[in-house]
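A.B. asks: Encoded as structure tokens, here's the structure I'll be asking about.
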Amino acid sequence: MAVMQDRIANDLTQDYLADANEALSFNLVRTPQDMEDGEFFSPEMTHQVYGDGEQIFGYKDLEVRLYITAGRLNMYCDVEYSSIVKKSKSVALEPDDIVGPLTKLVPTNCILDNQDTFLALLKKESTFKPYGELISVITPHNNDANQRFEVYSCNADTPGFLEYFERLQMFTMFYVDAASYIDTSDHKWNYFIAQYYPIRAAISYEQYQSSDGNPMYAFVGFTTVYEFYGYPEHVRPRISQMLVLPPFQKKGIASGMLQAIYNKYIDDPKVLTVSGAVSSLRGFNVSVEDPSAIFGSMRLRVDCLNALTRLKVFSVEKLKKGITKEHYDEAKTKLKLNRDNTLRVFNVLLFRATDRNNKEDYKNFRLFIKNQLYAPFRRQDRELAKLEKYNLSKEEISETLAFVPKDKRPDIIHQEYLDLESKLSMIVEKLPPLSDEERKLLGR
């Protein structure tokens, strides 16, 4: 009898088990018609909402559609399924709560269960205006004249914004692994929001036209910045989170928000540096609070563009003379870059100016980079020399120091260089090509 019950339970489990990533979808609604034929997009993850297995039990052919008004972010959850698991005396099974975990992500009564109420709120979208101060307009990568994106700067003192932010940060649970909600009572946070007109949150919106030709706004993405204290009366802004919703990705919104944040802080004498990336020359592992190669590459490209357009010290003729104190000082003063980020920018722009068909020019660049890659080994040698003064045995030294033998270092450095050059090439491809004037200065 017990075996039969287990078999029945197993069959039910398989028939009534849904992949939460596939069952759940979002729809940013601008008009009632969007609920029928609008664009739906799926979460990248649901383990922070429905558990590590990312599964919902108890429903066959489950579909969970979360409709969200594009501007105000009012929500309506529609759940459909062909059948639901039923309780029985022989098998103790209950269907999972679907809507409950979603309601915990947003303010009370934010998610509606009545479509008519939702449609009534949708009519009020025409009066929605972005919170905060307009600080930037983003031109999409495809230069579509019919699309306009705007970035707004907000903080804890922006009227009505914190309640709005409590709605939009729900998306982090579906697109940012190990996400945590921001303590909005801490006034050191700034918010930057992108809108489709479609800091210190940057909020992005798309500005679009209603049926009667009036401008309306749709939420696109956001960036948060925390302002750390810098002695004696300065701040060190650090980028914490950045998210652009899937329908608006690969349009230049993220880099546009990042540039808007830079522009907000660059001319402020109280700002020491703008961070948000812990850089490492090895592997180009760059992060905000969590490692993200995509963010790192984007930030590096933006930094390089700023250096090219704003700092004469990064002109091609000065790059060829090597990195100097002037490079570090100018980058810190005018771009708020720290030393590590300045060196990374210099490496990219030097590679851009290097003629890889010229053996001597190419060799000089490789030696310049490999000298940087060798730095950890030089530190190892210094540490080894210190330990040897205490007459330690080889076994004792190996327990203290992860020493790489000198005969193995060239191969390691060579491979690291190849990996780095590949990543430098990808960045350079996204920068403007050398101009005729630059080529002339380089003697080409």
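The values are calculated or read from the model by the stated rules, or taken from the named source; none is laboratory data. Please read all numbers here as calculations on a predicted model, not as lab measurements. Note that we place each Cβ from the backbone using ideal geometry, even for glycine, and neighbour counts take in every protein chain shown.
A.B. asks: How many residues does the stretch 45-82 contain that are in a loop (DSSP other than H, G, I, E, B), more than 21 Å from Phe165 (Cα to Cα) and out of contact with any Asp or Glu (no Cβ under 7 Å at 6 or more places or on another chain)?
C.D. replies: The total comes to 5.
A.B. asks: To continue, here is another question. Is it fair to say Leu305 is at pLDDT 90 or above and in a strand (DSSP E or B)? Before you say what the answer is, go through the steps one by one.
C.D. replies: Values: at pLDDT 90 or above: yes; in a strand (DSSP E or B): no.
Judged against the criteria, Leu305 is not a match.
A.B. asks: Looking at the stretch 320-344, which of the residues that are over 14 Å from Val302 (Cβ atoms) and in a loop (DSSP other than H, G, I, E, B) is farthest from the chain's Cα centre (by Cα)?
C.D. replies: So, considering only residues that are over 14 Å from Val302 (Cβ atoms) and in a loop (DSSP other than H, G, I, E, B), the one farthest from the chain's Cα centre (by Cα) is Lys321.
A.B. asks: If you don't mind, another one. Within 20 Å of Ala254 (Cβ to Cβ) and either among the basic types (Lys, Arg) or not in a loop (DSSP other than H, G, I, E, B) (or both): which single residue out of Phe118, Phe165 fits that description?
C.D. replies: Details: Phe118 fails: within 20 Å of Ala254 (Cβ to Cβ).
That would be Phe165, the only listed residue that is within 20 Å of Ala254 (Cβ to Cβ) and either among the basic types (Lys, Arg) or not in a loop (DSSP other than H, G, I, E, B) (or both).
A.B. asks: Hey, another quick one. Select from the stretch 223-241 the residues that are assigned to a strand (DSSP E or B) and either outside the structural domain of Gln169 (by TED's automatic domain parsing) or exposed (fewer than 15 other Cβ atoms within 10 Å of the Cβ) (or both) and list them in ascending order. Step through it out loud before you land on a result.
C.D. replies: From the stretch 223-241, those assigned to a strand (DSSP E or B) are 223-230, 234-241; that's our starting set.
Across the stretch 223-241, the qualifying residues are Phe228, Tyr229, Gly230.
A.B. asks: Taking the stated definitions as given, is Val99 touching an Asp or Glu at 6+ places or on another chain (Cβ under 9 Å), over 22 Å from Pro247 (Cβ atoms) and modelled with pLDDT of 95 or more? Break it down stepwise before answering.
C.D. replies: Values: touching an Asp or Glu at 6+ places or on another chain (Cβ under 9 Å): yes; over 22 Å from Pro247 (Cβ atoms): yes; modelled with pLDDT of 95 or more: yes.
When the stated conditions are applied, Val99 passes them.
A.B. asks: Look through the stretch 345-394, keep the residues that are β-branched (Val, Ile, Thr) and in a helix (DSSP H, G or I), and return whichever of them is surrounded by the most Cβ atoms within 10 Å (Cβ to Cβ). Break it down stepwise before answering.
C.D. replies: We begin by selecting, within the stretch 345-394, every residue β-branched (Val, Ile, Thr); these are 345, 348, 354, 369.
Narrowing further to those that are in a helix (DSSP H, G or I): 345, 348, 369.
Working: Val345: 27, Val348: 22, Ile369: 19.
Within the stretch 345-394, the match that is surrounded by the most Cβ atoms within 10 Å (Cβ to Cβ) is Val345.
A.B. asks: When you scan the stretch 397-442, how many residues do you find that are within 20 Å of Val316 (Cα to Cα) and outside any helix (DSSP H, G or I)?
C.D. replies: Taking the stretch 397-442 first, the residues within 20 Å of Val316 (Cα to Cα) are 421, 424-442.
Keeping just the survivors that are outside any helix (DSSP H, G or I) gives 430-435, 442.
The qualifying residues number 7.
A.B. asks: Could you tell me whether any residue of the stretch 346-355 is assigned by TED's automatic domain parsing to the domain that holds Glu437, closer than 26 Å to Lys408 by Cα and either touching a strand residue (DSSP E or B) at 6+ places or on another chain (Cβ under 8 Å) or among the aromatic types (Phe, Trp, Tyr) (or both)? Don't jump to the end; show me each part of the working.
C.D. replies: Filtering the stretch 346-355 down to residues assigned by TED's automatic domain parsing to the domain that holds Glu437 leaves 346-355.
Next, from what is left, pick out any that are closer than 26 Å to Lys408 by Cα: 347.
Subset that is either touching a strand residue (DSSP E or B) at 6+ places or on another chain (Cβ under 8 Å) or among the aromatic types (Phe, Trp, Tyr) (or both): none.
No - not one qualifying residue is present in the stretch 346-355.
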